[in-house]
Structure formats: structure tokens, C-alpha cells
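The values are calculated or read from the model by the stated rules, or taken from the named source; none is laboratory data. Model, not experiment: these values are computed from the prediction. In this analysis, Cβ positions are derived from the backbone assuming ideal geometry, glycine residues included, and neighbour counts consider all displayed protein chains. For the accessible areas, the whole protein counts, side chains as well, though only heavy atoms, and no ligand, DNA or RNA atoms are used. Shrake-Rupley method; radii C 1.70, N 1.55, O 1.52, S 1.80 Å.
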Amino acid sequence: MTIAVNIATINQRIRSAAEKAGRDPSTVRLVAVSKTRPAADISMAFQAGQVLFGENYIQELVPKLTEVREAVQWHVIGHLQSNKVKYIAGQVAMIHSVDRASLATEIDRQWGKLGKVCDVLIQVNISGESTKSGTTEEGAVQLVRECSLLPNIKIKGLMTMPPFFDDPEAARPYFAGLRRLAGVVAAAQIANVEMGELSMGMSGDFEAAIQEGATLVRVGTAIFGER
Ligand SMILES: *Cc1c(COP(=O)(O)O)cnc(C)c1O
């Protein structure tokens, strides 16, 4: 019951934040981050109308692919090792965390075997923190160019994870930075590349992210409780 209430509350907050920013609320999608949560919680969220789920760890996602019987859509949002890609080939709708050409090449190879195309986002380390994954801001256009040549991946936009702050307003400059970078990439007009998606914002700061242009917000704790 709590999960259903939380999802309704988050969706209402997403709508308000979008409207406040003068945006159409339907341009913002909620990714329910279900890492460490059992399949039963995911089924409960699906019953409450939630379709998109984000997972960080492949060893956790793989059993859930069969345990969760509902027609959910899976997004991979965490750091991904190339040797794990084969376990999820063709089974996830989007990978948010492409941060290097070697990973993109392996995704392309595995999806190619199935004759399918994988939607991906390029993860950018906007803050430059050494503990964070993601390509550098300076390296982003070059990485997009390299990935754009791979026929079985389709770049849909960018993703970032700012430093953790207690004050959501402190994350706002990083969200604005990702949006500006998407503009720079879009202006380069690289064939086979779209910059329509910005994956940014989590439980503590998704409203600021929406005001800065987020189209995918990744919310875990505020839906499923503390991990
Ligand atoms: C865990 C995680 C989230 C969700 O964080 P919450 O604070 O629980 O909402 C979002 N994005 C990524 C990449 C994560 O690892």
C-alpha cells in the first residue's frame, strides 16, 4: 500500500515541478529505482501503474528478469562491466550508464547478435569527482561520435549523477551543466544521435532536475523506503 501511495505522491510532485517550470508533465518519466528490492515490491509498484524500473547491479537484475512476471520495462542505471552485458542483451529498454567506447562496442556486439538496437544514454561526470563514473565533459562529444558509428546502439541523450548534497538546490548547477552539454552535442549534428533525453535527479533533488530539463528522473528511496 505504501508503495502505491508513494508513487502517486511522486507523480504529483513531478507534475507540479514540470508545470512550475512551464513544461508539459508528460515529457518527464519516472524511473523507479528498485535495486536491493524484492520482485514483490516491483510487482506492487507495477500494480500501482509504474512501468519503468531502474537497476544498478546485473547479478541482481538477471533473476528479477524472470521473477517479475509483469510487463515492466527495465533500465540499467549503474556502472556496467563489459563482461556482464551478455546477460542482459535484448532484455532491457535502455542503458543510462555508457561511459566508455569499449562498453558501447560490447553492447553493440551483443544487441547486434539479436538483430536489435539498444537505446543508450552517455553518462557524464559533470562534477569531475574522482569517485563518480562517467566521461568527462570535455570528452563527451568525442565519445558520442565514436558510439554513433555503432549500428546496434542508438544514443538518446545524457545522464549524470551530481555529488550528494543535503540541499537539493546545490545540485542544480550540475543539472544545468548537463542540459547545456546536451545542447553542445546536439549542435554538433552527429548522424544517428538524438539528445532528447536527460536522465538526472533522484529522491532528494528530482524537482530541481525537472526545472533544469530532466526527462527521466531516477527515484528509489522516496518510493520503496530506505535501503
Ligand atoms: C540508487 C540510485 C538512484 C536512486 O537514488 P535514491 O536517492 O534512492 O532515489 C538513482 N540513480 C542511480 C544511478 C542510483 O544508483
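Note on the range 110-216: enclosed helices (runs of 4 or more DSSP H) holding 2 or more residues that are aromatic (F, W, Y) are 172-187. Pairs meeting the criteria (first residue in the range 75-87 and closer than 11 Å to C118 by Cβ and open to solvent by 10 Å² or more (accessible area, probe 1.4 Å), second residue among the aromatic types (F, W, Y) and away from the ligand (no atom under 16 Å from the Cβ), beta carbons under 8 Å, at least 6 apart or on different chains) are lacking.
Taking the range 166-180 as the range and being among the hydrophobic types (A, V, I, L, M, F, W, C) and under 19 Å from T27 (Cβ atoms) as the test, the residues that pass are F175, A176, L178. Please indicate, with yes or no, whether at least one residue in the range 162-172 is within 16 Å of the ligand (Cβ to nearest atom), open to solvent by less than 60 Å² (accessible area, probe 1.4 Å), closer than 23 Å to Q81 by Cα and under 15 Å from the mean Cα position of the chain (by Cα). Taking every residue of the range 162-172 in turn, at least one turns out to be within 16 Å of the ligand (Cβ to nearest atom), open to solvent by less than 60 Å² (accessible area, probe 1.4 Å), closer than 23 Å to Q81 by Cα and under 15 Å from the mean Cα position of the chain (by Cα). Pairs linking a residue in the range 201-220 that is at negative phi to a residue that is among the polar types (S, T, N, Q), with Cβ atoms under 6 Å and 6 or more positions apart or on different chains, are S203/T221; T215/T27; L216/S199; V219/S203. When the residues of the range 198-213 are filtered to those that are within 22 Å of K154 (Cα to Cα) and crowded, with 22+ Cβ neighbours inside 10 Å, the one that is farthest from the ligand (Cβ to nearest atom) is L198. Of all the listed residues (L216, L158, L181), the sole one being within 16 Å of the ligand (Cβ to nearest atom) and within 15 Å of S127 (Cβ to Cβ) is L158. On inspection, R23 fails the criterion of being open to solvent by 40 Å² or more (accessible area, probe 1.4 Å), within 25 Å of E212 (Cβ to Cβ) and within 16 Å of the ligand (Cβ to nearest atom).
Quick grid of which residues meet (1) modelled with pLDDT under 95; (2) farther than 20 Å from H75 by Cα:
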{"position": "E146", "(1), (2)": "no, yes"}
{"position": "K156", "(1), (2)": "no, no"}
{"position": "F164", "(1), (2)": "yes, yes"}
{"position": "L181", "(1), (2)": "no, yes"}
{"position": "A188", "(1), (2)": "no, yes"}
{"position": "S199", "(1), (2)": "no, no"}
{"position": "S203", "(1), (2)": "no, no"}
{"position": "F206", "(1), (2)": "no, no"}
{"position": "A222", "(1), (2)": "no, no"}
